[in-house]
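Below is one structure, written out as structure tokens; the observations come after it.
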Amino acid sequence: MIKQIRIQNFRSLVDVTVDLDPLTVLIGRSGTGKSNFVRAVRFLRDSLHARNPNFDAYGGVPHILHVDHLKEPLRYEVAFSIPGLGRDFTYSLAFLPAQGD
């Protein structure tokens, strides 16, 4: 089970950490990043599934990275547990798009 996810430099999300439970509901005012959080998780899922980040599928690098941090990597840190193993694990991943992207 994913317990926590940290996302850095995805669209409006400069540095966001969200603790997750089996049921997590995102609530907040309009424009606070709820949709971008979900998009960031989908981007991670799609990139891991394809074993390659596809920035073009999400509008290209300028539409993925935070406008003030275009030269910095997109980073994820995921804390999770696996039933039966009795401990937590952490997975970190960073995407640094080529300058021409």
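The values are calculated or read from the model by the stated rules, or taken from the named source; none is laboratory data. In this text, all values refer to a predicted model and were calculated from it rather than measured experimentally. Note that each Cβ is placed from the backbone with ideal geometry, even for glycine, and that neighbours are counted across all protein chains shown. Heavy atoms of the whole protein, side chains included, go into the accessibility calculation; ligands, DNA and RNA do not. Shrake-Rupley method; radii C 1.70, N 1.55, O 1.52, S 1.80 Å.
Structure summary
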item	result
Complete set of residues in the range 49-63 that are surrounded by fewer than 17 Cβ atoms within 10 Å (Cβ to Cβ) and either at pLDDT 90 or above or of a type in the set (A, V, I, L, M) (or both)	His49, Ala50, Ala57
Residues of the range 13-34 satisfying the condition of being of a type in the set (A, V, I, L, M), more than 24 Å from His69 (Cα to Cα) and either open to solvent by less than 80 Å² (accessible area, probe 1.4 Å) or in contact (Cβ under 8 Å) with a residue 24 or more places away in the chain (or both)	Leu20, Leu26
Residue identified as in contact (Cβ under 8 Å) with a residue 24 or more places away in the chain, more than 19 Å from Pro97 (Cα to Cα) and aromatic (Phe, Trp, Tyr) among Phe43, Phe37	Phe37
Meets criteria (without any contact (Cβ under 8 Å) to a residue 60 or more places away in the chain and within 17 Å of Met1 (Cβ to Cβ)) for Gly86	yes
Positions within the range 64-78 being surrounded by 12 or more Cβ atoms within 10 Å (Cβ to Cβ) and not β-branched (Val, Ile, Thr), in sequence order	Leu65, His66, His69, Leu70, Glu72, Pro73, Leu74, Arg75, Tyr76, Glu77
Condition check for Gly86: out of contact with any Pro (no Cβ under 8 Å at 6 or more places or on another chain) and open to solvent by less than 70 Å² (accessible area, probe 1.4 Å)	no
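Residues are listed down the side, and each one gets a yes or a no for (1) of a type in the set (S, T, N, Q); (2) modelled with pLDDT under 90; (3) under 14 Å from the mean Cα position of the chain (by Cα); (4) assigned to a loop (DSSP other than H, G, I, E, B):
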site	(1), (2), (3), (4)
Gln4	yes, no, yes, no
Ile7	no, no, yes, no
Thr17	yes, no, yes, no
Thr24	yes, no, no, yes
Arg29	no, no, no, yes
Asn36	yes, no, yes, no
Ala40	no, no, yes, no
Asp68	no, yes, no, yes
